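The values are calculated or read from the model by the stated rules, or taken from the named source; none is laboratory data. Not measured: the values here are computed from a predicted model. Cβ atoms come from the backbone with ideal geometry, glycine included; neighbour counts cover every protein chain shown.
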Amino acid sequence: MDRMEEYKALRDAPEELPPALDGAVARARARARRRRLWRRVSAPAGSVAAVFAAFVLLVNLSTPFALACGKVPVLKELAAAVAFSPSLKAAVEHDFIQYIGQSQTDNGITLHLEYLFPDRGQLQFYATVTGPEEFSSFMVHPVLTDESGQPLETYGSTSKSVHPGELSNAFTVFPFGDAAFPETLYLTCEISGHRGGATEPPEPLEGDPSAPYAVVSFRLPLDTALLAQGETLEVDRWINLDGNKLHIQALELYPTHARLLLEEEPINRESLRGLDFYLADGRGNRYAAGSSGGTVSQGGAYWCESPYFSPDRNLTLCITGAEWLEKGKEYVTVDLETGRALTPLPVDVRVSARRDGDNAEVAFYAPMPPEADEDHLVFRQLGTMDYRAPDGSTVAIYGVTSYHSDVLRQGTSDETPLPEGWFIEKYTIESYLWDTIDMGLHATRETWFETPVSVPLA
């Protein structure tokens, strides 16, 4: 039995969910409110034509890629979905993909899990979502559970906004620390919907505002042979970057992504909060920061596209920018009565706050990143999803939205016009009775290098 036959056998096998997993839907709906991070993303003008052109070029100019795509269903859709990821294109060429072909429906919304790109460091799920016409996009929040439906705490995930019926990388699951993926996944997916035309994210059709619109569960056997791949290139080199010392420990290479492992000098006056970089091999190929799975960093690891399948290991790290958080300025104090900051904010960041009954609402707003435009919205992180109360306690925040608008709190007595080209990151803090609040800051400054800082890794 070849690999494709194995995938078909997995696909066609009866999907027998354990009885306990049937209750996962009810448990998911009953869980406490979770973080709801919305990213309103639209495709730039002409992007559909660009993706189609990319597909045509890939099929005509990349024979291995075209042949590899021919081994799996939905050729055109898959080619378009991975067209801009060198890691995933190479994974397809090397038969590094597992076909799933399973669907589940709840409350009129259907999640179709089509493909899985598995490796030891992450699982990338390509899927489509369909539902009522009033929804312009969906967000799938995955939770790995045990056989009884209880969430596993050793795994995290990222999600992307997906358009109805469009095959895309809907979500990615990754382990924390040394955790490994089991041979069989029990996956519960909470699905939120965004109704088109709204400036701010909509509320659910009924019930708890934090509740999903649909919850579905899957049982997925993993191709364990694919999970064993990976290698580590030891580097062990210190560099001085923008006045701070960093130790480049190693580069972990996986078939679908790579991880740059960094360590910071404890006496640095600033903490590294973000790194913009790419890897370059000896053939001139570039592997950009971030990953097709949406993960940017985890602890001291910074993710990027992977040269795993490249025969050239003459790699150079090229750093183009960095975000820093000055030590001692991790929080900004906000007065909830006046709505103003009592301590300094980062450059080009503003804040507005108010009470809403027993709850508090804090909104950061700032200019959109330079690469954003009207048809292609891009947001940067301003806060840290936690606050510190006057009693010294630090608490996670489970309600945040990010969106573009020229008005804050439109249609209310607190309506505030914003400068053109700014975006809003709004936090909701429940049952908060103090007059001031310390909001966590992601960074206090950022630096961009006109000439990349180059560090040989070979």
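Can you confirm whether residue 283 is farther than 18 Å from residue 119 by Cβ, modelled with pLDDT under 90, surrounded by fewer than 19 Cβ atoms within 10 Å (Cβ to Cβ) and not small (Gly, Ala, Ser)?
Against the criterion (farther than 18 Å from residue 119 by Cβ, modelled with pLDDT under 90, surrounded by fewer than 19 Cβ atoms within 10 Å (Cβ to Cβ) and not small (Gly, Ala, Ser)), residue 283 qualifies.
Tell me yes or no: at least one residue of segment 251-260 is without any contact (Cβ under 8 Å) to a residue 24 or more places away in the chain, under 27 Å from residue 329 (Cβ atoms) and out of contact with any Pro (no Cβ under 6 Å at 6 or more places or on another chain).
no
Can you work out which of the residues in segment 173-184 that are surrounded by fewer than 20 Cβ atoms within 10 Å (Cβ to Cβ) and of a type outside the set (Ser, Thr, Tyr) is farthest from the chain's Cα centre (by Cα)?
My answer is 183.
Mind checking which strands (runs of 3 or more DSSP E) fall wholly inside segment 265-384 and carry at least 1 residues that are of a type in the set (Ser, Thr, Tyr), under 21 Å from residue 447 (Cβ atoms) and in the same structural domain as residue 247 (by TED's automatic domain parsing)?
It comes to 270-280, 301-304, 316-326.
Just one of 394, 451 is exposed (fewer than 14 other Cβ atoms within 10 Å of the Cβ), modelled with pLDDT of 90 or more, of a type outside the set (Lys, Arg) and assigned by TED's automatic domain parsing to the domain that holds residue 274; which is it?
Just one listed residue meets the conditions, 451.
Which one of the conditions (1) part of a strand (DSSP E or B); (2) modelled with pLDDT under 90 does residue 197 fail to meet, given that it meets all the rest?
Status for residue 197: all satisfied but (1).
Matching residues to (1) closer than 24 Å to residue 178 by Cβ; (2) over 21 Å from the mean Cα position of the chain (by Cα); (3) surrounded by fewer than 20 Cβ atoms within 10 Å (Cβ to Cβ):
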site	(1), (2), (3)
296	yes, no, yes
311	no, yes, yes
314	no, yes, yes
326	no, yes, yes
330	no, yes, yes
334	no, yes, no
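Go through the residues of segment 428-436 one by one and say whether even a single one is aliphatic (A, V, I, L, M) and touching a strand residue (DSSP E or B) at 6+ places or on another chain (Cβ under 6 Å).
Yes.
Looking at (1) surrounded by 15 or more Cβ atoms within 10 Å (Cβ to Cβ); (2) of a type in the set (Ser, Thr, Tyr); (3) out of contact with any Gly (no Cβ under 7 Å at 6 or more places or on another chain), which is the only condition residue 343 fails?
(1)
Could you go through segment 410-431 and let me know if any residue there is more than 22 Å from the chain's Cα centre (by Cα), within 17 Å of residue 332 (Cα to Cα) and in contact (Cβ under 8 Å) with a residue 40 or more places away in the chain.
Looking through segment 410-431, at least one residue is more than 22 Å from the chain's Cα centre (by Cα), within 17 Å of residue 332 (Cα to Cα) and in contact (Cβ under 8 Å) with a residue 40 or more places away in the chain.
Would you pick out the residues in segment 134-151 that are crowded, with 16+ Cβ neighbours inside 10 Å and not in a strand (DSSP E or B)?
149
Does segment 242-278 hold any residues that are aliphatic (A, V, I, L, M) and surrounded by fewer than 20 Cβ atoms within 10 Å (Cβ to Cβ), and which are they?
Of everything in segment 242-278, those that are aliphatic (A, V, I, L, M) and surrounded by fewer than 20 Cβ atoms within 10 Å (Cβ to Cβ) turn out to be 248, 250, 261, 267.
Taking residue 414 as the residue in question, decide whether it is among the acidic types (Asp, Glu), over 24 Å from residue 445 (Cβ atoms), touching a Lys or Arg at 6+ places or on another chain (Cβ under 7 Å) and in a loop (DSSP other than H, G, I, E, B).
yes
Being surrounded by 10 or more Cβ atoms within 10 Å (Cβ to Cβ) and within 17 Å of residue 368 (Cβ to Cβ) is the filter here, so list the residues in segment 418-433 that pass it.
Correct list: 418, 419, 421, 422, 423, 424, 425, 426.
Do we find a residue being at pLDDT below 90, within 22 Å of residue 367 (Cα to Cα) and among the hydroxyl-bearing types (Ser, Thr, Tyr) anywhere in segment 423-434?
No, segment 423-434 contains no residue that is at pLDDT below 90, within 22 Å of residue 367 (Cα to Cα) and among the hydroxyl-bearing types (Ser, Thr, Tyr).
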